[in-house]
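In what follows, a single structure is set out as structure tokens and then discussed.
Rule-based calculations on the coordinates, nothing more; no lab input. As the structure is a prediction and not an experimental result, all values here were calculated from the model. Every residue, glycine as well, gets a Cβ built from its backbone with ideal geometry; the counts of neighbours run over all protein chains shown.
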Amino acid sequence: MTSAQRSSVSASSPAGRPRLVRRAELRELYGRHFAANRRKERQLFSSGAFFVTFATVRGITHAIRAERGPFRNITPGGRHIHHMTFGIAGLLAVGYLWMLEIGINEQHRSSTVTAAAYGSGAALTLDEFALWLNLEDLYWAKQGRESVDAVVLFGSLLMTSVLGRGFLADVARAARLL
């Protein structure tokens, strides 16, 4: 951040207090960190989709268990379909597209969409890690914690790759959080 940018930041908020980052600033930071580096942009999209999907699916499963809201288990013909099934299907689809070199670098939209699909598929699958590790449904049991541990480990790996370029640190600095 240039000294002129720092002075405009300090002029717009009292010292030490967080402020909202303006859309133009966020766009400039995004462009600086990701415009020329599709790989880093895919890492950002897959990380974001991973955490949003994990939080969403956890919320939905808690709502199903509490019998609140419109959510229900998927049980065609009486057989419970776990959400990891959709995660595996998503990972297979993204892997196939990437094998065909679709969504790797050539087009911005397909690159970010497949990266987000990869993150979502990984979250759906790892959220039921305890099931595929123990070969029994332990989602609500003590061993179900293994799934959360797997999500934390993989999510940390994803976030480390994104933070390596400093984008989130620059956003935090612009918001005066650092």
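Results, tabulated for the structure shown:
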read-out: Spherically averaged projected area of segment 31-178 from its Cα convex hull (nm²); value: 11.3 nm²
read-out: Residue-span extension gain [residue 39 to residue 157] - 0.36 nm each, minus C-alpha spacing; value: 41.0 nm
read-out: Sorted by Cβ density within 10 Å, fewest first, the residues 127, 149; value: 149, 127
read-out: Net lengthening on full extension, residue 20/residue 99 (0.36 nm per residue, minus Cα-Cα); value: 24.4 nm
read-out: Anisotropy class of segment 38-86 from Cα gyration tensor, a/c 1.5 cut; value: oblate
read-out: Calculated from backbone phi, Karplus (6.51, -1.76, 1.60) coupling profile of segment 18-29 in Hz, x at Gly/Pro; value: x, 9, 6, 7, 5, 4, 5, 5, 4, 4, 5, 5
read-out: Placed amide H near residue 74: partners under 5 Å, 5+ positions off or other chain; value: 81
read-out: Least to most buried among 124, 100 (fewest other Cβ within 10 Å first); value: 100, 124
read-out: Using θ = phi - 60° and Karplus 6.51 cos²θ - 1.76 cosθ + 1.60, couplings along segment 74-90 (whole Hz; Gly, Pro as x); value: 8, 9, x, x, x, 9, 6, 9, 6, 5, 5, 4, 6, x, 5, 4, x
read-out: Mean Cβ neighbour count within 10 Å, used as a protection proxy, ranking 84-96, 41-53, 66-78 highest first; value: 41-53, 84-96, 66-78
